[in-house]
1. Tell me, 161, 317 in order of fewest to most beta-carbon neighbours within 10 Å?
2. Want the number for residue 88 to residue 240: 0.36 nm per residue separation, take away the alpha-carbon distance, what's left?
3. For the chain, what relative contact order do you get, as a whole percent, if you take Cα pairs closer than 8 Å and at least 6 residues apart?
4. Helix-only estimate, please: 222 nm mean residue ellipticity of the chain, summing -39500 (n - 2.57) across DSSP H runs of length 4 or more and dividing by its residues, to the nearest 500.
5. At 25 °C and 0.890 mPa s, what whole-number value in µm²/s does Stokes-Einstein give for the translational diffusion of region 10-142, with Rh from the Kirkwood sum over Cα pairs?
6. So between residue 428 and residue 353, what do we pick up on full extension, going 0.36 nm a residue minus the alpha carbon distance?
């Protein structure tokens with residue numbers, strides 16, 4: 001794990017605010033879900049659902065990606081982050097835009113506040129892309145791990161371009177195909193192109209590292225990368241210009257194959273691992289590579305539905321959306337929170353005292369048992385939530401949301417415990433030499 005920190009790592013003040021903002025956003029997203037529990041049965045494009053999705057994805061998931069990537073640039077690019085000032089400026093611009101955007105969707109102000117928030121978000125994204133791009137330019141090693149991350153950032157730029165166009169279209173109405181058509185382009189390029197691909201890219205480094213796996217094969221990574229981006233490109237071309245159902249089918253099949261190849265990489269690293277027992281951070285991380293087949297299979301069923309606005313198609317689309325967000329993206333965040341943040345906090349608090357005092361391990365800066373039960377409860381929430389959506393049962397849905405609220409409280413408790421952790425130092429035990437004495441009777 002020490003590879004996470006090098007002499008090139010950015011100052012802790014660059015990284016920490018992203019994780020704290022993310023934890024708060026997670027809690028806000030859960031509160032909004034509780035307030036809008038009846039609207040969750042409505043089509044995925046309802047404005048309150050869009051508010052929840054954007055707080056979860058942009059406020060929690062994307063902020064944690066930003067913070068993690070700033071910390072990991074020295075590892076994956078083997079160079080310093082280009083500008084810590086730009087990173088801090090990006091944080092503030094993005095943070096303000098997240099809650100302005102959520103307010104816009106929640107209240108239905110789609111022709112004024114939404115445009116401002118989208119423009120702010122796009123400005124923050126431009127600064128992020130500039131910072132990472134210039135860091136990559138100075139990279140000493142360029143390999144498949146880097147390509148996943150760079151491609152993910154490209155698709156994020158594409159997704160947010162679509163988002164900005166849709167925001168402007170609410171007021172100026174210039175998109176001939178309408179916002180609903182562009183929403184699926186925006187969602188696919190954001191969820192699959194950015195989030196899934198970023199998980200793949202960062203996972204190529206972190207998963208073998210945390211499993212302590214050295215003999216795994218990286219051969220599946222290239223076909224996974226090529227299939228994923230080829231599939232996304234076919235979808236984008238078909239939706240924007242060519243309008244070919246055949247291209248859409250081939251595109252989704254390629255994305256499915258990409259997932260299969262990446263899972264093969266993860267399985268090989270898991271099989272070759274030196275660390276046999278998985279902790280509370282790696283259990284949910286490994287689980288997502290099983291759960292990822294739920295949205296993949298839902299997507300395949302949806303692909304062959306006639307009439308994308310039928311009741312069944314809308315239900316399947318909602319299930320697809322929520323299974324990607326809650327079953328894959330949120331699950332890996334819950335896991336990797338306890339693999340990266342404790343170590344970052346530990347370095348800040350204890351690095352000056354290494355070798356001078358007895359110091360605790362990184363996992364001792366948070367409540368490990370609570371983190372383990374938090375992940376298990378989240379898994380219960382996930383399946384109950386999907387069941388509630390499928391059966392349209394309010395009781396099941398409400399119980400699942402109460403469980404999610406408990407998870408959010410425990411998650412924020414552990415985050416605050418880490419952020420306000422005070423060093424616990426004990427003096428080193430002195431070794432005493434015992435001289436044997438011979439006694440004569």
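Just so it is clear, none of the values below were taken in a lab; they were calculated from the coordinates. A quick note: this is a predicted structure, and the numbers were derived from the prediction, not measured. Positions of Cβ are backbone-derived with ideal geometry, glycine not excepted, and every protein chain shown enters the neighbour counts.
1. Fewest-to-most ranking of 161, 317: 161, 317.
2. Length gained between residue 88 and residue 240: 51.2 nm.
3. Averaging sequence separation for qualifying contacts and normalising by length gives 15 percent for the chain.
4. -23000 deg cm²/dmol
5. D = 158 µm²/s.
6. Extending this stretch completely gives an extra 25.9 nm.
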